[in-house]
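For reference, the structure discussed in these notes is given below.
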Amino acid sequence: MEFFHNPNIDFLSKKWFFLALSLVLSVAGVLSMLFWHHIPLGLDFRGGTQVEVKFTTAPNADQIRRLMDSAGLKDARIQPYGPVDRHEVLISLDLKETSEQALDRGKDTIIRALETNAPADKKDLNNTGYPSLKQFLMDKDPLRAGTNADQQYGDLAQAIVDYRDKKLEGVLNSVNDISPVAPPAVVQALQSAYYTSDFGVRSVQIVGPQVGSQLRRQAILATLYSLGGMLVYLWFRFELIYGVAAVVACFHDTVITVGMFSILNTEISLTVIAAILTLIGYSMNDTIVVFDRIRENLKLLRREKLVDLVNLSINQTLSRTVLTSGLTFLTVLSLFLFGGEVLHGFSLALVIGIVIGTYSSIFIAAPMLVAYQDWRSKKGGNAAATLPAARGTKAKAKA
């Protein structure tokens, strides 16, 4: 299927515009990584404690940060999470112990910091777990359960916790909200000892510093190994200059993508690394398609100037590039817009990477081949010097 019929666009004449664009994006990203947001590593890489908190009303990040500071939790990261109307935030702390006690300590510290108007004689039902709730009911025994108290109050406590966390998404507006799953006597007993705050801690995650450091090192190595493997393959399949041009284009895509994450202050997690590796493969594939057409045209049109031959090759693959890149971009854009918070970083990396990767194959990798040919011509004093043919085509060069 052809999207364009015999296009004749002089792509290489526009290379300076895109090279300038790449320079601006790269420099802005590097400056952001060095002096502004740095590289915003996610919990997977930096280690620490991350707590997901849901509020009954829209949370104020500055107020939450002040409360964290007053509780001694300096440099806490406050990040909105999920749709705005869900009133959720992620609070990241530098508590890097990995024990169960550390999980409870991180959760309890945040709860104490956020409970600004808590009654002294009551507990918070929004942040009470199953064991405490069951024990309270057994001690109070509002249903006079007798010998069956353990089973009955265990089931009742579990029903209340499940109703709060699953049906009401973790936050009760009042103790009366549990009425659909609790008898009136139980509701009355809970009202005497519990109140409801305006927030609920949904989950707590901890990654130790050693694990985070190991994951960070493995992510860097995975990216470098993929680039190195592609360089070796293209060196063997084509010529070294082809591999160098393709790897430089992929490295260019990676730097700009990571730089955009830094500028946007979006955390880089393991899923983002997976997306970066995906876009490296995608960009490399697009570059190889163009290079393969250049290789074929070198055999057929050896008298043509390399600039004209490269332009012709790009035009011949333009329909394929627009169709594949365009459809892929629409897919990942839908994932970015509708995929939710969990896939936000992954889809954002792909959206940026596909745009950058598509134009780098045309305006970064291909001009490098022409620049290499010009350098060889000047070095050899032969204006007619041409790009080395791919392996397997040299025997036909004089045909």
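The values are calculated or read from the model by the stated rules, or taken from the named source; none is laboratory data. Since the structure is predicted, the reported quantities are computational estimates derived from the model, not experimental observations. With ideal geometry, Cβ positions are generated from the backbone for all residues, glycine too; neighbour counts draw on all protein chains shown.
Go through Ile256, Ile273, Ile288, Ile294 for me and flag whichever is surrounded by 17 or more Cβ atoms within 10 Å (Cβ to Cβ), out of contact with any Ser or Thr (no Cβ under 8 Å at 6 or more places or on another chain) and of a type outside the set (Asp, Glu).
Within the list Ile256, Ile273, Ile288, Ile294, the selection yields Ile288.
When only residues in the range 133-188 that are β-branched (Val, Ile, Thr) and assigned to a helix (DSSP H, G or I) count, which is farthest from Gly82 (Cα to Cα)? Within the range 133-188, the match that is farthest from Gly82 (Cα to Cα) is Thr147.
Condition check ((1) out of contact with any Phe, Trp or Tyr (no Cβ under 7 Å at 6 or more places or on another chain); (2) of a type in the set (Gly, Ala, Ser); (3) at pLDDT below 90; (4) in the same structural domain as Phe238 (by TED's automatic domain parsing)) across all residues:
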position	(1), (2), (3), (4)
Leu264	yes, no, no, yes
Ser269	yes, yes, yes, yes
Asn311	no, no, no, yes
Thr321	yes, no, yes, yes
Val370	yes, no, yes, yes
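With respect to the conditions (1) out of contact with any Pro (no Cβ under 7 Å at 6 or more places or on another chain); (2) at pLDDT 85 or above; (3) surrounded by fewer than 19 Cβ atoms within 10 Å (Cβ to Cβ), Pro209 lacks only one, and its number is (2). Quick check on this structure: which one of Asn148, Asn173 is in contact (Cβ under 8 Å) with a residue 40 or more places away in the chain, surrounded by fewer than 12 Cβ atoms within 10 Å (Cβ to Cβ) and not assigned by TED's automatic domain parsing to the domain that holds Val289? Result: Asn173 is the single residue among Asn148, Asn173 that is in contact (Cβ under 8 Å) with a residue 40 or more places away in the chain, surrounded by fewer than 12 Cβ atoms within 10 Å (Cβ to Cβ) and not assigned by TED's automatic domain parsing to the domain that holds Val289. Listed conditions (1) touching a residue at least 60 places away in the same chain (Cβ under 8 Å); (2) in a helix (DSSP H, G or I) are all met by Gln205, apart from (2). Of the residues contained in the range 189-201, one or more are found to be part of a helix (DSSP H, G or I), without any contact (Cβ under 8 Å) to a residue 60 or more places away in the chain, surrounded by 14 or more Cβ atoms within 10 Å (Cβ to Cβ) and not basic (Lys, Arg).
Here's the yes/no breakdown for (1) over 22 Å from Met230 (Cα atoms); (2) assigned to a helix (DSSP H, G or I); (3) β-branched (Val, Ile, Thr):
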residue	(1), (2), (3)
Thr266	yes, no, yes
Thr278	no, yes, yes
Arg302	yes, no, no
Ile314	no, yes, yes
Leu323	yes, yes, no
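Filtering the range 20-43 to residues that are more than 18 Å from Pro80 (Cα to Cα) and either surrounded by 14 or more Cβ atoms within 10 Å (Cβ to Cβ) or in contact with a Ser or Thr (Cβ under 6 Å, 6 or more places away or on another chain) (or both) leaves Leu21, Ser22, Leu25, Ser26, Ala28, Gly29, Val30, Ser32, Met33, Ile39. Quick one: would you say Ser283 is among the small types (Gly, Ala, Ser) and under 17 Å from Ala366 (Cα atoms)? When the stated conditions are applied, Ser283 passes them.
Residues in the range 219-230: is at least one in contact (Cβ under 8 Å) with a residue 60 or more places away in the chain and surrounded by fewer than 16 Cβ atoms within 10 Å (Cβ to Cβ)? No, because not a single residue in the range 219-230 is in contact (Cβ under 8 Å) with a residue 60 or more places away in the chain and surrounded by fewer than 16 Cβ atoms within 10 Å (Cβ to Cβ). Suppose the filter is in contact (Cβ under 8 Å) with a residue 40 or more places away in the chain, surrounded by 15 or more Cβ atoms within 10 Å (Cβ to Cβ) and in a helix (DSSP H, G or I); does Val247 pass it? When the stated conditions are applied, Val247 does not pass them. Out of the range 52-64, which residues are out of contact with any His (no Cβ under 9 Å at 6 or more places or on another chain) and either without any contact (Cβ under 8 Å) to a residue 40 or more places away in the chain or not assigned by TED's automatic domain parsing to the domain that holds Asp75 (or both)? Matches in the range 52-64: Asn60, Ala61, Asp62, Gln63.
Screening the range 77-102 for residues that are hydrophobic (A, V, I, L, M, F, W, C) and closer than 24 Å to Glu169 by Cα and picking the one that is modelled with the lowest pLDDT gives Leu93.
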